[in-house]
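Report on one structure; see the data block that follows.
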Amino acid sequence: MTAATPRAATALGGQRCDGGSLGEAWAAVFAATPREHFIPERAWVDEAEGDQMDCVALDRATDPERWLCAVRSDRVIVTQFDDRATTWLRIGRRASSSCSMPSLVAGMLGAVDNGTSSSLTALGTWVC
């Protein structure tokens, strides 16, 4: 996975990942992996532009278009607050489970994809 693709590689169901150059094989994996398969029906999207969180509730059953648009964006999707102490639809104080921004995942994979015999055995622990 060493051949480079453009900085903005198509990824995860059509969104763009601007986190760095991806090898062609990684770009193909992203393009073939619909992120929506990993996101629960009810979640929160972080719509903040800076360091502060600004989460908005998403419900696939009541607004499937908005849910899909958020899931296919390059945004964090929060799947749990306060170790489940905060229940749907409220927004808690601390996100305790989330699905990373595709650009962040692309950056991490790009850092590992350095042509050595790196192993990604723990990939599932930090990527959703």
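Things to note:
- Close contacts from region 80-99, counting a first residue that is more than 14 Å from Val56 (Cα to Cα) and a second that is modelled with pLDDT under 75 and surrounded by 11 or more Cβ atoms within 10 Å (Cβ to Cβ), with Cβ to Cβ under 6 Å and a gap of 6+ residues or different chains, come to Cys99/Cys128.
- Evaluation of Ala3 against (1) touching a helix residue (DSSP H, G or I) at 6+ places or on another chain (Cβ under 8 Å); (2) surrounded by fewer than 14 Cβ atoms within 10 Å (Cβ to Cβ); (3) at pLDDT 85 or above (one fails), failing number: (3)
- Region 22-33, subset outside any helix (DSSP H, G or I) and surrounded by 18 or more Cβ atoms within 10 Å (Cβ to Cβ), residue modelled with the lowest pLDDT: Leu22
- Conditions (1) over 14 Å from Ser100 (Cα atoms); (2) of a type in the set (Ser, Thr, Tyr); (3) within 13 Å of the chain's Cα centre (by Cα); number of the one not met by Thr79: (1)
- Test: Glu65 is out of contact with any strand residue (DSSP E or B) (no Cβ under 9 Å at 6 or more places or on another chain), charged (D, E, K, R) and at pLDDT 90 or above: yes
- Segments classed as strands (runs of 3 or more DSSP E), wholly inside region 34-119, with at least 1 members that are surrounded by fewer than 18 Cβ atoms within 10 Å (Cβ to Cβ) and among the basic types (Lys, Arg): 42-46
The values are calculated or read from the model by the stated rules, or taken from the named source; none is laboratory data. From a predicted model like this one, the values you see are computed outputs, not experimental measurements. Cβ coordinates were reconstructed from backbone atoms using ideal geometry, including for glycine residues, and neighbour counts include every protein chain displayed.
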